[in-house]
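So the structure is just underneath, and the comments pick up after that.
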Amino acid sequence: MSSNIFLSNNKLVRSFSWKGANFKIISSEFNAIKNAIVAQREILSAYIKKHKEFMEALVPVEAIDSDAPDIVRRMHKASLLTGVGPMASVAGVAAQIAAEAAVAAGADEVIIENGGDIYIFSNRETKIALCTGSAPIAAKLAVLIRPETTPISICSSSSKMGHSLSFGDCDLATVVAIDGALADSASTLACNLVKKEEDIPAVLEKVIAIKGVQGVLLVKNDKIGIIGSFPEIIRNIDPQTTNKITKDKLSL
């Protein structure tokens with residue numbers, strides 16, 4: 001489960017749902033994004049029908065087909081880097097592939113939120129709220145994404161919110177990376193590893209050491225840890241933050 005939301009700055013935000021995945025989208029190429037989402041989910045579903053272990057594995061699968069589709073290859077690579085199952089990266093990779101389709105179609109700005117996992121290619125500053133559920137700092141944090149740092153993926157995982165399986169006890173684990181599959185997968189790993197406040201420093205060091213991870217933020221109770229090139233933390237002043245969280249129910 002992810003718990004990022006973006007604050008639209010009066011830009012038109014469109015919604016799209018497909019097989020339990022719910023998207024919020026800012027882009028001039030909305031149809032290109034929709035088509036990419038549908039196509040990629042169908043491709044992934046077809047692969048999973050032949051390889052059920054790819055859907056069920058909680059650790060990396062040993063191998064994938066030599067002719068596996070691009071989305072499977074991206075998810076498998078992220079899984080190998082983080083040690084968690086390949087499906088931990090599905091939301092992040094879907095957002096990135098859809099964003100790439102929009103850019104290829106001519107969009108000069110794309111922001112896609114997939115159940116909270118976000119991919120951004122933007123020519124303006126964007127604020128991202130970090131919702132921490134019932135933690136003492138709930139809905140008080142946000143990050144400022146500057147255009148020169150995009151494209152970028154911002155993915156989160158929480159043991160306290162959503163339907164996704166978690167082996168930790170972490171209010172929020174947020175990872176930033178250029179690779180959407182990696183950011184999503186690494187946030188799951190970080191969330192799994194945090195069980196108490198004292199775990200934060202060691203988990204930060206472990207996750208930032210993964211090749212491609214740019215920055216990590218962890219929240220447990222009233223303790224916050226940050227490492228790497230994490231975006232600037234700002235105060236979230238939107239009183240409607242918790243009402244804007246997108247909730248997914250995965251269906252393939």
So is residue 200 at pLDDT 95 or above, in a strand (DSSP E or B) and under 18 Å from residue 130 (Cα atoms) or not? no
Please determine, by comparing only the residues of region 172-195 that are over 12 Å from the mean Cα position of the chain (by Cα) and free of Cβ contacts under 8 Å to residues at least 40 places away in the same chain, which one is most open to solvent (accessible area, probe 1.4 Å). 195
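Select from region 208-225 the residues that are closer than 24 Å to residue 120 by Cβ and surrounded by fewer than 24 Cβ atoms within 10 Å (Cβ to Cβ) and list them in ascending order. Step through it out loud before you land on a result.
Filtering region 208-225 for residues closer than 24 Å to residue 120 by Cβ gives 208, 210-219, 224-225.
Listed by number, the residues that qualify are 208, 210, 211, 212, 214, 215, 224, 225.
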Would you confirm whether any residue within region 179-193 is modelled with pLDDT of 95 or more, under 18 Å from residue 132 (Cβ atoms) and out of contact with any Gly (no Cβ under 9 Å at 6 or more places or on another chain)? no
Note on region 133-151: residues open to solvent by 10 Å² or more (accessible area, probe 1.4 Å) and either within 15 Å of the chain's Cα centre (by Cα) or modelled with pLDDT of 90 or more (or both) are 144, 146, 147, 148, 149, 150, 151
Residues (polar (S, T, N, Q) and either farther than 23 Å from residue 119 by Cα or surrounded by fewer than 19 Cβ atoms within 10 Å (Cβ to Cβ) (or both)) located in region 21-59: 22, 28, 31, 35, 45
For region 89-132, name all the residues that are surrounded by fewer than 24 Cβ atoms within 10 Å (Cβ to Cβ), part of a helix (DSSP H, G or I) and of a type in the set (Ser, Thr, Tyr). none
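The values are calculated or read from the model by the stated rules, or taken from the named source; none is laboratory data. Since the model is a prediction, treat every value here as computed from it, not as a measurement. Here the Cβ is made from the backbone with ideal geometry for all residues, glycine too, and neighbour counts use every protein chain on show. In case anyone asks, the SASA skips ligands and DNA or RNA and just uses the protein heavy atoms, side chains included. Shrake-Rupley method; radii C 1.70, N 1.55, O 1.52, S 1.80 Å.
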